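Reviewing the structure listed below.
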Amino acid sequence: MTQNEATPALTTAQPEDYFQLLKPRVMSLVVFTGATGLVVAPGSINPFVAAIAILCIAVGAGAAGALNMAIEGETDALMRRTRGRPVAAGRVNKNDAMAFGAVLSLFSVMLLGMNTNWLAAGLLALTIVYYAGFYTVMLKRRTPQNIVIGGAAGALPPVIGWAAATGSAPWQAWLLFLIIFLWTPPHSWALALYSAGDYAKAGIPMMPVARGAKSTRLQILIYSLVFVPVAIAPAVVGLGGWLYLAVSVLGGLGFLGLAYRLFRSRAGDPVGTEGPDKADTVGREAALYDVKAEAKPARNLFAFSIVYLMSLFAALLIEALTGAASISLIG
């Protein structure tokens with residue numbers, strides 16, 4: 001055995017690379033919706049316990065992201081939008097990323113269980129296993145409904161937060177789950193419409209690849225027509241107040257308008273499948289919003305969907321923190 005063979009290769013990973021393994025953009029949304037579920041839940045919770053619970057939700061979400069990147073490293077390397085990720089780019093070893101995710105998973109679940117209750121911890125564990133295992137390994141390459149079924153993982157954080165605060169998961173918590181669950185397909189398919197070439201190259205049967213752009217645009221519109229009334233529902237059942245009603249209705253009208261404009265567009269058709277303009281040189285998620293002209297209706301819905309979902313949960317959070325009166329239009 002030569003000296004070079006006996007000496008392990010030195011890693012080029014930096015702390016920033018491990019932070020990127022946590023998918024901070026996705027984590028921020030998970031933390032926000034999880035914190036909203038915790039605050040909106042009835043009763044009170046010790047601020048220190050609440051802070052630890054939110055930390056656990058954040059770490060758990062990051063752990064799922066790290067496991068996803070470890071499993072998807074070779075696939076990510078084929079896609080312009082994701083090839084700059086730490087494992088795909090070779091800055092972090094796949095096994096290191098897997099170990100990092102596994103340790104964070106165990107840490108977050110155990111700490112949440114000991115700090116709050118085991119229902120919340122169990123839901124967090126389910127989220128991690130569902131996303132990293134069921135979605136990433138089983139669903140993503142096998143069905144164009146991958147994001148529909150897999151969306152349950154991203155929709156669980158408000159239920160986890162609610163359970164952490166109360167030890168229970170009533171129907172109101174699952175209504176928040178349903179909002180995110182129905183939001184996910186139009187949000188993700190809008191992105192997929194102008195990233196279809198990447199998904200096809202990576203062998204991932206996202207809806208535009210498997211069913212075509214026209215079918216995808218129609219399904220986005222149908223899901224949007226179902227999603228927006230559900231998004232307004234918290235105001236109807238007394239979970240949200242007047243601020244929430246205004247945000248959900250006005251934002252919902254904007255969401256439907258953009259979904260209809262996307263339906264009438266040619267986004268995702270062959271002329272527009274080249275993907276983000278900067279992706280060839282940047283190879284990072286920063287290129288998500290720099291698209292060719294014909295793909296802008298898809299980009300606009302994708303961007304607005306993030307703002308709308310954040311606004312819905314922000315309205316709930318503000319009302320809960322300020323004690324704003326809830327309204328109920330049903331008895």
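The values are calculated or read from the model by the stated rules, or taken from the named source; none is laboratory data. All of these numbers come straight from a predicted model, not from anything done at the bench. Here the Cβ positions follow ideal geometry from the backbone for every residue, glycine too, while neighbour counts run over all protein chains shown. These area figures cover heavy atoms from the full protein model, side chains too; ligands, DNA and RNA do not enter into them. Shrake-Rupley method; radii C 1.70, N 1.55, O 1.52, S 1.80 Å.
Could you give every pair whose Cβ atoms fall below 8 Å, whose first residue belongs to region 158-186 and is on the phi < 0 side of the Ramachandran plot, and whose second residue is open to solvent by less than 20 Å² (accessible area, probe 1.4 Å) and part of a loop (DSSP other than H, G, I, E, B), counting only separations of at least 6 or pairs across chains?
From residues that are on the phi < 0 side of the Ramachandran plot, the pairs are 161/41; 162/41; 165/41; 166/41; 173/41; 177/156.
Hey, can you tell me all the residues within region 200-209 that are part of a helix (DSSP H, G or I), surrounded by fewer than 24 Cβ atoms within 10 Å (Cβ to Cβ) and in contact with a helix residue (DSSP H, G or I) (Cβ under 9 Å, 6 or more places away or on another chain)?
200, 202, 209
Taking residue 141 as the residue in question, decide whether it is open to solvent by less than 50 Å² (accessible area, probe 1.4 Å), among the basic types (Lys, Arg) and not in a helix (DSSP H, G or I). Don't jump to the end; show me each part of the working.
Numbers: open to solvent by less than 50 Å² (accessible area, probe 1.4 Å): no; among the basic types (Lys, Arg): yes; not in a helix (DSSP H, G or I): yes.
In short, no.
Which of (1) modelled with pLDDT of 95 or more; (2) touching a Ser or Thr at 6+ places or on another chain (Cβ under 9 Å) does residue 109 not meet, given it meets every other one?
Answer for residue 109: the failing condition is (2).
Can you say whether residue 55 is open to solvent by 50 Å² or more (accessible area, probe 1.4 Å), among the aliphatic types (A, V, I, L, M) and at pLDDT below 95, as far as the supplied structure shows? Before you say what the answer is, go through the steps one by one.
Values: open to solvent by 50 Å² or more (accessible area, probe 1.4 Å): yes; among the aliphatic types (A, V, I, L, M): yes; at pLDDT below 95: no.
Judged against the criteria, residue 55 is not a match.
Would you say residue 129 is at pLDDT 95 or above, within 26 Å of residue 185 (Cα to Cα) and surrounded by fewer than 21 Cβ atoms within 10 Å (Cβ to Cβ)?
Values: at pLDDT 95 or above: yes; within 26 Å of residue 185 (Cα to Cα): yes; surrounded by fewer than 21 Cβ atoms within 10 Å (Cβ to Cβ): yes.
Answer is yes for this residue.
Working only within region 234-252, note down all residues that are open to solvent by 30 Å² or more (accessible area, probe 1.4 Å) and either under 13 Å from residue 301 (Cβ atoms) or within 22 Å of the chain's Cα centre (by Cα) (or both).
247
For residues that are more than 22 Å from residue 311 (Cα to Cα) and part of a helix (DSSP H, G or I), scanning just region 28-49, find the one that is most open to solvent (accessible area, probe 1.4 Å).
Step one: list which residues in region 28-49 are more than 22 Å from residue 311 (Cα to Cα), which gives 43-49.
Adding the requirement that they be part of a helix (DSSP H, G or I) leaves 47-49.
Details: 47: 104, 48: 140, 49: 35 Å².
Across region 28-49, the extreme among qualifying residues is 48.
Specify which of the listed residues (263, 313, 255, 304) is modelled with pLDDT of 95 or more, of a type in the set (Phe, Trp, Tyr), under 22 Å from the mean Cα position of the chain (by Cα) and open to solvent by 30 Å² or more (accessible area, probe 1.4 Å). Steps first, answer last, please.
Working: 263 fails: under 22 Å from the mean Cα position of the chain (by Cα); 313 fails: open to solvent by 30 Å² or more (accessible area, probe 1.4 Å); 255 fails: open to solvent by 30 Å² or more (accessible area, probe 1.4 Å).
Just a single option satisfies the conditions, and that option is 304.
Return the residues of region 77-114 that are in contact with an Asp or Glu (Cβ under 9 Å, 6 or more places away or on another chain) and either open to solvent by 60 Å² or more (accessible area, probe 1.4 Å) or of a type in the set (S, T, N, Q) (or both); say none if nothing qualifies.
Hits for region 77-114 are 78, 82, 83, 94.
From 248, 224, 265, grab the single residue that is within 30 Å of residue 83 (Cα to Cα) and either without any contact (Cβ under 8 Å) to a residue 24 or more places away in the chain or among the small types (Gly, Ala, Ser) (or both).
Working: 248 fails: within 30 Å of residue 83 (Cα to Cα); 224 fails: within 30 Å of residue 83 (Cα to Cα).
Result of the check over 248, 224, 265: 265.
What pairs come out if I take residues in region 65-91 that are closer than 22 Å to residue 130 by Cα and pair them with residues that are assigned to a helix (DSSP H, G or I) and basic (Lys, Arg) whose C-beta lies under 6 Å away, six or more apart or interchain?
Cβ pairs passing all conditions: 70/94; 73/94; 87/94.
Six or more apart or on different chains, Cβ atoms under 6 Å: show the pairs whose first residue is in region 135-149 and among the hydrophobic types (A, V, I, L, M, F, W, C) and whose second is open to solvent by 60 Å² or more (accessible area, probe 1.4 Å).
139/149
Within region 178-189, identify whether any single residue is part of a helix (DSSP H, G or I), open to solvent by 40 Å² or more (accessible area, probe 1.4 Å), closer than 24 Å to residue 310 by Cβ and modelled with pLDDT of 95 or more, and answer yes or no. Step through it out loud before you land on a result.
Narrowing region 178-189 to residues part of a helix (DSSP H, G or I): 178-189.
Add one more test, that the residue is open to solvent by 40 Å² or more (accessible area, probe 1.4 Å), and what stays is 178, 181.
Retained after the next criterion (residues that are closer than 24 Å to residue 310 by Cβ): 178, 181.
In the following step, the residues that additionally are modelled with pLDDT of 95 or more were identified as 178, 181.
Taking every residue of region 178-189 in turn, at least one turns out to be part of a helix (DSSP H, G or I), open to solvent by 40 Å² or more (accessible area, probe 1.4 Å), closer than 24 Å to residue 310 by Cβ and modelled with pLDDT of 95 or more.
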